[in-house]
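Reviewing the structure listed below.
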Amino acid sequence: MTTAKKGPRAGLSRRALLGRAVALVGGGALAAAGLPGVVGRALAASGATGARRRFVFVVNRGGWDPLTVLAPMFGRAAVAMPPGASAATAHGIPYVDHAQRPGVRAFMAAHAQRMAVVQGVSVRSVSHDVCQLTMMTGAATGGAPDFATRVAQAGEGDALPHLVVSGPVYPGALASLVARTGATGQLQDLVTGDLVWRSDRPVTRLSAPSERLVEDFVQRRTAAWADAAPGSRKRQALREAVTRAERLEALSWDMSFAGDGSFPAQIEVAVSALALGVAQCVTISPPVSWDTHTDSDNQQSALWEALFVGLKKLMDRLAGTTVAGRALLEDTVVVVTSEMGRTPQLNSDQGRDHWPWTVAMVLGAGVRGGRVYGGYDAGYAGVGVDPASGDTDAGRAGTSPAQLGATLLALAGLDPGDAGVGVSPIAGMLA
């Protein structure tokens, strides 16, 4: 996407505005040495190809129902499958087919060979807030950064390592890596300088004494950072902030961060940001809620259909966008999650309530696709996976979000051990 270039406003320097308003302090990539075998090869993969992996996280809020598409549990007495649905398989992945979901069928036919489906992910709660936090950070207690932000540490040279177009984010101690586009294009206006002029109240110049106080404060803070000892974190952070602001300003006419908030519009921003090297990781989120406690089968069917139509558009855009002679899809991982699942049986309102086991999809670069990892028992409780082989292991509990997150860090070329995740990745899921 492009924007028409505007002339600078009189008396306003966009570089000065960025220098004062944007503090994008970077984090260095974690060392990847020391992990043997498949995981070690995964950490070195981006260096071997000459391109590092970038990520798109698609976060679905409200708790989806995997039984509608991704968890074909036909023939189980404890599970009420949606009416009119049937079992199907695409490139080795079983799924739930239905005449009302042609978009799902088209996506599976086109991309299932690239997709890993992680079944039986345990969020250990039925509370929206707790499940969302657990699914995104690997823990039910606050403080740890979400995995999208941790992955963004590999993008230390990007202007906006983790760009959040829409959806929740838990940056923790890595907040300096995260930027939001803003629901009404605030980031776009900040980059171009138009934010100063977009207000429901007239922008008036500060009085001379007030302006001097502000200028003095900015200069003192800048001097304190600039005068820090050579090699100190403060001095490095200031240098990185200025460099990133300049890179972002230089790209401001090549893409727009604004949009109407729709899922297709978010996809366009995400692909542009990755293609231009603006971000290492982008989070997007369909502007709908999956929290269907009434008439769930019909509502969920429509939501899954819209999601897979959007995902196919995302994959097609990544495949059709070339960077340095390579399709962007070849170096991009797409992660699709929701905070929880839905119960195996319908309630009195023909809805499904909250369920502590869910599913995740991971597609693209470095993923051993065309395969399901983990599963469910006869009562629709999660069954885990052997991390070395990736085979379903009925003796293990459902896969934890932390284990999924460790796998994503490995795909990004980061050492999950150094990142403090505390569990091993699913090595069998890494191509």
message = Treating only the Cβ of Lys, Arg, Asp and Glu as charged (+1, +1, -1, -1), what charge dipole size does region 140-295 show about its Cα centre? Round to the nearest 20 debye.
response = 720 debye
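So, R0 is 22 Å and r is the distance between the beta-carbons of residue 262 and residue 319; what FRET efficiency does that work out to, to 0.05? Don't skip to the answer; put the middle values down first.
On the way: r = 21 Å, r/R0 = 0.96.
Computed FRET efficiency for residue 262 and residue 319: 0.55.
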key: Residues residue 229 and residue 126, FRET efficiency given R0 of 56 Å [Cβ-Cβ distance, rounded to 0.05]   = 0.65
Euclidean distance between Cα centres, region 363-431 to region 129-176, Å = 19 Å
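For each of 243, 141, 68, count neighbouring Cβ atoms within 10 Å of the residue's Cβ, then give the residues from fewest to most.
Numbers: 243 14, 141 9, 68 27.
So the residues, fewest neighbours to most, are 141, 243, 68.
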remark   = Taking a ≥ b ≥ c as the square roots of the eigenvalues of the Cα gyration tensor, with a/c under 1.5 meaning rounded and otherwise prolate when a/b exceeds b/c and oblate if not, region 41-154 is oblate
Mean Cβ count within 10 Å, highest first, over the residues of peptides 358-364, 272-278 = 358-364, 272-278
key: Three-way shape label, region 275-430, alpha-carbon gyration tensor, a/c 1.5   = oblate
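Please label the shape of region 261-358 as rounded, prolate or oblate, based on the square roots a ≥ b ≥ c of the eigenvalues of the alpha-carbon gyration tensor (a/c under 1.5 means rounded; beyond that, a/b larger than b/c means prolate, else oblate).
Details: a/c = 3.06, a/b = 2.71, b/c = 1.13.
Prolate, because a/c is 1.5 or more and a/b exceeds b/c.
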request  = Could you go through region 183-195 in sequence order and give the Karplus-derived ³J(HN,Hα) for each residue, using 6.51 cos²θ - 1.76 cosθ + 1.60 with θ = phi - 60°, rounded to whole Hz, and x for Gly and Pro?
outcome  = 5, 10, x, 4, 5, 4, 6, 5, 5, 7, x, 6, 4
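Read-outs: derived from the displayed coordinates by stated rules, not from any lab. Since we're looking at a predicted model, the values are computed, not measured. Don't worry about glycine lacking a Cβ; one is built from the backbone with ideal geometry, like all the others, and counts go over all protein chains shown.
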